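Peer 1: First, the structure itself, so that you have it in front of you.
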Amino acid sequence: MVRTTLRSLLSRKARLVLSGLAVVLGVMFVSGSFVLTDTMGHAVDRLFATAYAGIDVDVAATPKTDNPGAVATIPADLLATVRSTPGVASATGIVRVDGARVIGSNGKVVTALSGTPRFGTNWTGTSDLVQLRQGRGPQADDEIAMNAALAEAAAVKVGDRVGVLTRQPKTTFTLVGTFGYTGGRDSIGGAQEVAFTEPVAQQLMLGATGLYSDIEADAAPGVSPQTLRDRLAAATGAGYDVKTGEQLQAAQSAAARGQLSFINKIFLGFAGVALFVGVFLILNTFSIIVAQRTRELALLRAIGGSRRQMIGSVLVEAVVIGLLASVLGLAAGVGVGVLLAYVFGHTGGADTPLAQLGVPPSAVIAAFTVGILVTVVAAVLPALRASRIPPVAALQEVATPDRPLTRVTVAGSLVGAVGAAALGIGLSGKANGNTLQLILGGVLVCFIGVALLTPMIARPVVSGLGRLLSWSVPGKLGRRNAARNPRRTAITAAALMVGVALITGVNVILASAVKSMHQQADTKVSVDLIIAGEPGDVPATFDPAVLDQTKRIAGVRDAAGEYFDVARVDGKEIGVSAVTDLPAMTQMFPMHAQEGTLAALSADELVVDAKQAGERGLHAGSKVEIQLSQGQPHIMTVVGVYSSEVYHGWMLSVDAVRDFQIQQPAWGYLRVADGASVADVRTQVDRLLVDSPEVSVGDRSAFIAQQAAMLNKIVTMIQILLALTILIAVLGIINTLALSVLERTRELGLLRAIGLYRGQTMHMITVEAVVISVFGALLGLAVGSGLGAAVVRALRSQGIGALAFPWQQMATYVALAAVVGVVAATLPAIRAARINVLAAIGHE
């Protein structure tokens, strides 16, 4: 029986390739994600080993909060203490802070990849790591040097005047030198680095002279870094973090690997979607194969084959396909992982050489486990169906008829109800820590339920769609071919449904969020102009003087600025704001005092929204301890508890800004007086922002579009990654049509014999493919819209109260589905057109 199965498998090589290709793609994604993270992990380890190779011991102050951008400072007099510690050969005060943004020759800030630092440092000369490329280091306060990668990105050269944004507004310097790093690198991991003289670096990056961010100490001969670390820890006392260079390397590598693990999870998630779609393809393939081999399997039963052997025959075929697909998928995954590692390591100015190829055991284990398991699971139902073929079927001319849809419809209804219930509990917020698992599980089960219900609606819907294309005899034949086997059509369409549904659901949520923001802005916000930058990890800022100058512009009624910081409140990290004019803010974003007052704030006074006050048991008059990024903890008094439909959070006095990490406003809000021209005011504010290229001024609609830009990028990324599922769906349509053509060889021969031309034959197959593809897209739009609407409904308490559907994108998906159908039909249609008429009539 095994030899018979293998011979049958090898006799149908095209079927083997098509059915295994979906598994190959899914396994490629799984193994590639592990290879990518492991290879990049080795590269990161090598990168930080090089960066910290010249450091014996580093002394840094413990940050006040867990804000990633917060920098604790070291007083300059501690440098003398470090130098006088026994075992220290030399010590250097270092200023190295993220936040120096260079303005390029085009007048725009040089961009950096998310998470890539833009360091402002003090020039300490060349070393084993840093090497001058051109010019010299800065000596005067109006001079800077920068690494070669940044100079190239900014399109500046030695001698140019260059603007730099820091904790202070734009300052212009003369570029006197460029530098690189050992190994001929222009940057380390894509980091941008600008070097100032020491006092300028301290003032611009730390806020005052006489401060450092780190002190690097070199051990004297005979003193180990570990011994020196212990001595310095004792000498500096509490409040300082003393580490060896090896410890710094390990800490930075661990943090970077943590980010890589997040990327790994994203890729594995999309790999799971791809494999889930692949199950439909494999299930359909084996179902068609079993139907085609009905007579063959019945003959095996007639000569003594048992039901167990029939099941084993199909499962052996599945194991072979899964094994071969896993091998090919692993090989492809290694190639894709290395390619992506190279791209990530050389994108955005990064120059991270790959240390070694990383193929962890997890990649190999996952590849074979997933590949074989998915294939076998998908083949179980067809295998059971094969075991039920009676021996008498060997005497029949036709395969067994399609079974009733009652059972599968009932099963689909029950499964769909379970999925909907799990999704509902997850979205309700009552999952007690299992929210994500319930939501993801609910979506998965809902997809399975819909797939089981699809055969019930396939025949009427497909017939209706086909009428739009059945203006000719070939069109009518294609429509009827698509509708006559609802199970096969449903499974093929379900593969496309999953990808379209996920993309549609995300788009519905995004469109609803944007519509909600527009509704709130139009009906509940009294701001005419907003000064803001693109959303990001750290908000863009501008010169505080701009706010004072805008107040003097004719036609400006009110102007308020908002500063941002991350603070620790009762041991928990939260975002806080400092506002320049609280009474004006209460009018711009209507706020109502539930307790206390919303008057101008004095030092160490704050107001908080009612929800957060209720969570912490705060009332007007309550005292709360707040630790900002800088300075000592503040005991602040709650002077007001407010409610607002559009604004939430903690608002502090502008006096607190002195202890913020960034002491410049991130947002500015303007109200224009009645009768004044908003356009004229905007033009004048634009002139004031000439030295702040990261921010711009616009009306409410422009601000919402600016904030939604990041969401659009996320949706685009999701669409690109989900394109793999669309590709698998295309393969499914090709596979179904190719096997269907083989199954209908005699039928096609008869049609050709009675006068159907080759072009008409191709037309018939194309109509069948387009109908199936459009049916899958429409099904995906319906399911995705439902899932998106459910999420929007659950997010109503978060401010997303309007439901919107992206009709333009949805129409585009249907049009693309039709194109997908035409493309998928090409090879099967050509094969059908080339069938030899006489041989086809005699085919059994």
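Peer 1: In the stretch 180-207, how many are open to solvent by 40 Å² or more (accessible area, probe 1.4 Å) and either of a type outside the set (D, E) or under 13 Å from R118 (Cα atoms) (or both)? If you could, list the steps in order and put the result at the bottom.
Peer 2: To start, the set of residues in the stretch 180-207 that are open to solvent by 40 Å² or more (accessible area, probe 1.4 Å) comprises 183-184, 186, 198-199, 203.
After this cut, where a residue has to be either of a type outside the set (D, E) or under 13 Å from R118 (Cα atoms) (or both) as well, the list is 183-184, 199, 203.
Selection size over the stretch 180-207: 4.
Peer 1: Select from the stretch 535-553 the residues that are open to solvent by less than 20 Å² (accessible area, probe 1.4 Å), under 21 Å from Q706 (Cα atoms) and in a loop (DSSP other than H, G, I, E, B) and list them in ascending order.
Peer 2: Of everything in the stretch 535-553, those that are open to solvent by less than 20 Å² (accessible area, probe 1.4 Å), under 21 Å from Q706 (Cα atoms) and in a loop (DSSP other than H, G, I, E, B) turn out to be A540, T541, F542.
Peer 1: Filter the stretch 483-534 down to the residues that are among the acidic types (D, E) and in a loop (DSSP other than H, G, I, E, B), then identify the one that is modelled with the lowest pLDDT.
Peer 2: Looking only at the stretch 483-534, we keep the residues that are among the acidic types (D, E), and these are 522, 528, 534.
Still in the running and in a loop (DSSP other than H, G, I, E, B): 528, 534.
On the way: D528: 92, E534: 79.
Applying the filter and picking the extreme gives E534.
Peer 1: Any chance the stretch 728-745 includes a residue that's surrounded by fewer than 16 Cβ atoms within 10 Å (Cβ to Cβ) and either out of contact with any Lys or Arg (no Cβ under 7 Å at 6 or more places or on another chain) or not in a helix (DSSP H, G or I) (or both)? Reasoning before the result, please.
Peer 2: Initial filter on the stretch 728-745 (surrounded by fewer than 16 Cβ atoms within 10 Å (Cβ to Cβ)): none.
No.
Peer 1: Also: Is it the case that V556 is open to solvent by less than 20 Å² (accessible area, probe 1.4 Å), hydrophobic (A, V, I, L, M, F, W, C) and touching a helix residue (DSSP H, G or I) at 6+ places or on another chain (Cβ under 9 Å)? Write out each step before concluding.
Peer 2: Numbers: open to solvent by less than 20 Å² (accessible area, probe 1.4 Å): no; hydrophobic (A, V, I, L, M, F, W, C): yes; touching a helix residue (DSSP H, G or I) at 6+ places or on another chain (Cβ under 9 Å): yes.
Against the criterion (open to solvent by less than 20 Å² (accessible area, probe 1.4 Å), hydrophobic (A, V, I, L, M, F, W, C) and touching a helix residue (DSSP H, G or I) at 6+ places or on another chain (Cβ under 9 Å)), V556 does not qualify.
Peer 1: For S31, state whether it is surrounded by fewer than 18 Cβ atoms within 10 Å (Cβ to Cβ) and small (G, A, S). Steps first, please.
Peer 2: On the way: surrounded by fewer than 18 Cβ atoms within 10 Å (Cβ to Cβ): no; small (G, A, S): yes.
Against the criterion (surrounded by fewer than 18 Cβ atoms within 10 Å (Cβ to Cβ) and small (G, A, S)), S31 does not qualify.
Peer 1: Inspect the stretch 449-458 for any residue being in contact (Cβ under 8 Å) with a residue 60 or more places away in the chain and open to solvent by less than 10 Å² (accessible area, probe 1.4 Å) and give the result as yes or no.
Peer 2: Within the stretch 449-458 (the criterion being in contact (Cβ under 8 Å) with a residue 60 or more places away in the chain and open to solvent by less than 10 Å² (accessible area, probe 1.4 Å)), the answer is yes, since at least one residue qualifies.
Peer 1: I've got another one for you. List the residue pairs whose Cβ atoms are under 6 Å apart, where the first residue sits in the stretch 486-502 and is farther than 12 Å from G784 by Cβ, the second is of a type in the set (S, T, N, Q) and at pLDDT 80 or above, and the two are 6 or more positions apart or on different chains.
Peer 2: From the stretch 486-502, the pairs are A490/T454; A494/T454.
Peer 1: Identify the single condition in (1) touching a helix residue (DSSP H, G or I) at 6+ places or on another chain (Cβ under 9 Å); (2) open to solvent by 20 Å² or more (accessible area, probe 1.4 Å); (3) at pLDDT below 80; (4) under 30 Å from L384 (Cα atoms) that R308 does not satisfy, given that it satisfies every other one.
Peer 2: R308 satisfies all of (1) touching a helix residue (DSSP H, G or I) at 6+ places or on another chain (Cβ under 9 Å); (2) open to solvent by 20 Å² or more (accessible area, probe 1.4 Å); (3) at pLDDT below 80; (4) under 30 Å from L384 (Cα atoms) except (3).
Peer 1: Consider V814 carefully, then state whether it is part of a helix (DSSP H, G or I), open to solvent by 20 Å² or more (accessible area, probe 1.4 Å) and of a type in the set (V, I, T).
Peer 2: On the way: part of a helix (DSSP H, G or I): yes; open to solvent by 20 Å² or more (accessible area, probe 1.4 Å): yes; of a type in the set (V, I, T): yes.
So V814 fits the description; yes.
Peer 1: For the stretch 566-585, which residues satisfy the criterion of being surrounded by 18 or more Cβ atoms within 10 Å (Cβ to Cβ), among the charged types (D, E, K, R) and touching a residue at least 40 places away in the same chain (Cβ under 8 Å)?
Peer 2: R568
Peer 1: G177 passes all but one of (1) under 36 Å from the mean Cα position of the chain (by Cα); (2) surrounded by fewer than 21 Cβ atoms within 10 Å (Cβ to Cβ); (3) assigned to a strand (DSSP E or B); which number fails?
Peer 2: Among (1) under 36 Å from the mean Cα position of the chain (by Cα); (2) surrounded by fewer than 21 Cβ atoms within 10 Å (Cβ to Cβ); (3) assigned to a strand (DSSP E or B), the lone unmet condition for G177 is (1).
Peer 1: Let me ask something else about it. Scanning for something assigned to a strand (DSSP E or B) and either open to solvent by less than 20 Å² (accessible area, probe 1.4 Å) or under 30 Å from I365 (Cα atoms) (or both), does the stretch 36-49 turn up at least one residue?
Peer 2: Filtering the stretch 36-49 down to residues assigned to a strand (DSSP E or B) leaves none.
There is no residue in the stretch 36-49 that is assigned to a strand (DSSP E or B) and either open to solvent by less than 20 Å² (accessible area, probe 1.4 Å) or under 30 Å from I365 (Cα atoms) (or both).
Peer 1: Taking the stretch 138-174 only, how many residues are closer than 18 Å to Q203 by Cβ and among the small types (G, A, S)?
Peer 2: Number of matching residues: 3.
Peer 1: Output the residues belonging to the stretch 73-103 that are open to solvent by 10 Å² or more (accessible area, probe 1.4 Å) and either among the acidic types (D, E) or closer than 26 Å to P539 by Cα (or both).
Peer 2: Within the stretch 73-103, T73, D77, I94, R96, D98, G99, R101, I103 meet the criteria.
Peer 1: Moving to a separate point now. Which of the following residues is open to solvent by less than 60 Å² (accessible area, probe 1.4 Å) and touching a residue at least 40 places away in the same chain (Cβ under 8 Å): L750, L778, L787, L803?
Peer 2: Going through L750, L778, L787, L803 in turn, the sole match is L787.
Peer 1: Among the residues of the stretch 711-769, which ones are farther than 26 Å from V277 by Cα and of a type in the set (G, A, S)?
Peer 2: Scanning the stretch 711-769 gives G749, A753, G755, G759.
Peer 1: Please pick out the residue among D77, D58, D45 that is modelled with pLDDT of 75 or more and within 27 Å of the chain's Cα centre (by Cα).
Peer 2: Numbers: D77 fails: within 27 Å of the chain's Cα centre (by Cα); D58 fails: within 27 Å of the chain's Cα centre (by Cα).
None of the others qualify; the one that does is D45.
Peer 1: OK, next. Just to verify a result, which residue in the stretch 683-705, among those that are among the aliphatic types (A, V, I, L, M), assigned to a helix (DSSP H, G or I) and open to solvent by 30 Å² or more (accessible area, probe 1.4 Å), is nearest to A513 (Cα to Cα)? Working first, answer last.
Peer 2: To start, the set of residues in the stretch 683-705 that are among the aliphatic types (A, V, I, L, M) comprises 685, 688-690, 695, 697, 702, 704-705.
Add one more test, that the residue is assigned to a helix (DSSP H, G or I), and what stays is 685, 688, 702, 704-705.
After this cut, where a residue has to be open to solvent by 30 Å² or more (accessible area, probe 1.4 Å) as well, the list is 688, 702, 705.
Details: L688: 32, A702: 15, A705: 11 Å.
Result: A705.
Peer 1: On to the next question. Suppose the filter is of a type outside the set (A, V, I, L, M, F, W, C), on the phi < 0 side of the Ramachandran plot and modelled with pLDDT of 80 or more; does T375 pass it? Before the answer, list the steps.
Peer 2: On the way: of a type outside the set (A, V, I, L, M, F, W, C): yes; on the phi < 0 side of the Ramachandran plot: yes; modelled with pLDDT of 80 or more: yes.
Criteria met by T375.
Peer 1: Another one. I need the full set of residues from the stretch 126-163 which are free of Cβ contacts under 8 Å to residues at least 24 places away in the same chain and either assigned to a strand (DSSP E or B) or buried (at least 21 other Cβ atoms within 10 Å of the Cβ) (or both), in order please.
Peer 2: Correct list: R161 only.
Peer 1: Let me ask something else about it. For the stretch 459-482, which positions are free of Cβ contacts under 8 Å to residues at least 40 places away in the same chain and part of a helix (DSSP H, G or I)?
Peer 2: R459, P460, S463, G464, R467, K476, R480
Peer 1: Would a scan of the stretch 706-723 turn up a residue that is more than 20 Å from the chain's Cα centre (by Cα), farther than 27 Å from R467 by Cβ, open to solvent by 10 Å² or more (accessible area, probe 1.4 Å) and among the small types (G, A, S)? Give the steps one after another, and end with the answer.
Peer 2: First pass over the stretch 706-723, keeping only residues more than 20 Å from the chain's Cα centre (by Cα): none.
No, the stretch 706-723 contains no residue that is more than 20 Å from the chain's Cα centre (by Cα), farther than 27 Å from R467 by Cβ, open to solvent by 10 Å² or more (accessible area, probe 1.4 Å) and among the small types (G, A, S).
The values are calculated or read from the model by the stated rules, or taken from the named source; none is laboratory data. This structure is a prediction, so every number in the text was calculated from the model and none was measured. Ideal geometry is used to build each Cβ from the backbone, glycine not excepted, and the neighbour counts take in all protein chains shown. Remember, those area values only see protein heavy atoms, side chains included, never the ligands or the DNA or RNA. Shrake-Rupley method; radii C 1.70, N 1.55, O 1.52, S 1.80 Å.
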